[in-house]
Structures are given as C-alpha cells and as structure tokens.
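Read through the structure below, which is laid out as structure tokens, and then see the notes.
The values are calculated or read from the model by the stated rules, or taken from the named source; none is laboratory data. All of these numbers come straight from a predicted model, not from anything done at the bench. Using ideal geometry, Cβ is built from the backbone for each residue, glycine included, and neighbour counts are taken over all protein chains shown.
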Amino acid sequence: MLADVWSRQHEFRIDASVGVPPDPLSGQEAQSWGLPAYRWEISEPGDFEWLRQRAHRCTELYDGFRLDHLVGFYRMFFRDPDGQGHFSPAGEPAQLRHGEQLMRLFLASGARIIVEDLGVVPDFVRESLSRLRIPGLKVMRWERKWHDDGQPFRDPADYPVDSVAMSSTHDTETMGEWWDNAGPDERRLCAEIPGLRENGCDPDAPFSSAIRDALLRALFSAASDLAIVSIQDVFGWRDRVNTPGVISHHNWTWRLPWPVDALGSQPDAQERAGFLRLLSGESHRG
C-alpha cells in the first residue's frame, strides 16, 4: 500500500492519521494508526479507480476477501495535525450513500465479500449491510442478548444466515485464554448454549479438550453461512496473534510448531483434521 499511496498522493491526506474515535460507553480510547486518510472528494469523481483496481486484483488472487474496519468505509475517522478529530463524510445521510457506493463497488468485483463489523458500529451501518446481504462477523463469546435480563448468550442456531460464525479473531485472545479469564457467571451463561453441557462443557472446570470440542461443535452448528475457526482454537492453544494498541516484538510473530508441508504427518494435526471433518459433516458444511 505504501507504493500505492506514493503513486497517488493526490488521493490521500498524508498529514492526517486514520483511527477510531473514543467510545465513552465501552471505555474504548481513541486510536491513531498513522495511516493516511482518503480524500474521497478526489477519488469519487474518478469512480474510486484505485479501490476498484485493488478489488479486481484481490478477485484474481482469491475467491473472497474480508473488508477490515468496515465502518471506516461508511464514515472514516481521522485526526488533523493539530489533533482535531473528524468524520469523512460528515453526517449520516452522506455516510450511508458513500458506504453503500463502496460496498457495491466491492460486490461488483465478483468475489465473495465479508466485513469486519466488530466494535462500535452505528445502527444505520448494520441495517445497510443487512439490506445488501453482506455477512458480518459473529464471535461467539460476544454474541449475547445484551438487553435481556442476565444477558444470556445467543444460540448460534439463531445467528443470521448472512453472517460468519467465529471462535476468535486475530485481534482477540484465543478461545482457551478467554475461558481461562472468564468469570464463573460468564462461563455458566455460556454453558447454557444448547448442546454445550451435553457435549462436555463443564462451566466449573478449567479449559480442556472436552470444553474446546464442545465450543467448536456449537460454533459449527451456527446458522451462519460460513464458520471460521483459528488454528489456535482448533488445537486449544493459547498463543495470541496480536494485541491491538500494543507495540511488541510478540505481535504478528506467531508461527505454527511444524512446517505446513509436514502437517499431514503430525498425529495431533491428523486427529484435529478428522474432528473438523466430523463437524463439517454434522453441520452440512462439507
């Protein structure tokens, strides 16, 4: 992307930094990522040529791709050199029109599109994605009935079809680490997801292979059209890929314990592959 920005400097604000605004309700602090801001007023008259080219190239390489930080395509947040924060475009009607323009651009590429819609996402953006039938992410530990008494977990069987069921993401702790750190009440609520207790999920027990596999089976049972499980969660490992907002030598450095071409000969990997085949068959995902 650095070369693209260098070659199209007129389409970016090099002096501004894209990020996310603070969210007082969740306690999330503002983030500044050091990335240049789009100058939409320059790229829109040219029919967003650069983004179209990127989408076309991704389609040449992949059957589908994920749009990171989806909300930024509807309302990009950036800070000026003086630290003042702004949304671009400004105002919900313009943000909705702009975001749907870009979503249709990506859909027109012919690739399968999913979007990262986690965190603070305005209702109008979620309604837009639903109208366009673009799948967002359903991370099981965060899928709760937040407005109900006790905030119970949602049954994955009730997730929308146009969604992606996930055990964790590259920015979260792994499934095992989450279970380790979850309080007793959270574990017990999680264990009320249909099928979990019957399949060996004891909320009072430490994380184990039985709990791992019960959680994976529940995830595969989701009504979501797609289910994605990180390799760490497949094995029950606790190795984290990334901790957002932290500069560390550990971020983005994790590697498999075996070469990829040796996976098929590893007994642990063979057992896990067999289990995933079983789940795929049970859930008709094969």
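Of all residues in the range 109-153 being assigned to a loop (DSSP other than H, G, I, E, B) and free of Cβ contacts under 8 Å to residues at least 12 places away in the same chain, which is farthest from residue 40 (Cα to Cα)? Full working, then the answer.
The initial filter retains those residues of the range 109-153 that are assigned to a loop (DSSP other than H, G, I, E, B), namely 109-111, 116-122, 133-135, 143, 145-152.
Keeping just the survivors that are free of Cβ contacts under 8 Å to residues at least 12 places away in the same chain gives 145-149.
Values: 145: 37, 146: 36, 147: 37, 148: 40, 149: 43 Å.
Here the answer is 149.
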Could you check the range 195-207 and list, in sequence order, the residues that are in contact with an Asp or Glu (Cβ under 8 Å, 6 or more places away or on another chain) and either outside the structural domain of residue 279 (by TED's automatic domain parsing) or surrounded by 14 or more Cβ atoms within 10 Å (Cβ to Cβ) (or both)?
199, 200, 207
Residue 284: at pLDDT below 95 and farther than 24 Å from residue 66 by Cα, yes or no?
no
Suppose we filter 177, 192 for residues that are over 19 Å from the mean Cα position of the chain (by Cα), among the acidic types (Asp, Glu) and surrounded by fewer than 21 Cβ atoms within 10 Å (Cβ to Cβ); which single one remains?
192
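Each row is one residue, and each column tells you yes or no for (1) at pLDDT below 95; (2) touching a strand residue (DSSP E or B) at 6+ places or on another chain (Cβ under 9 Å); (3) not in a loop (DSSP other than H, G, I, E, B).
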residue: 179; (1), (2), (3): no, no, yes
residue: 185; (1), (2), (3): no, no, yes
residue: 188; (1), (2), (3): no, no, yes
residue: 193; (1), (2), (3): no, yes, no
residue: 242; (1), (2), (3): yes, no, no
Search result, residues across the range 65-84 that are buried (at least 16 other Cβ atoms within 10 Å of the Cβ) and over 15 Å from residue 118 (Cβ atoms)
65, 75, 76, 77, 78, 79
Can you tell me which residues in the range 162-187 are free of Cβ contacts under 8 Å to residues at least 24 places away in the same chain and of a type in the set (D, E, K, R)?
185, 186, 187
Checking residue 93 against (1) at positive phi; (2) in a helix (DSSP H, G or I); (3) of a type outside the set (Lys, Arg), only one condition comes out false. Which one?
(1)
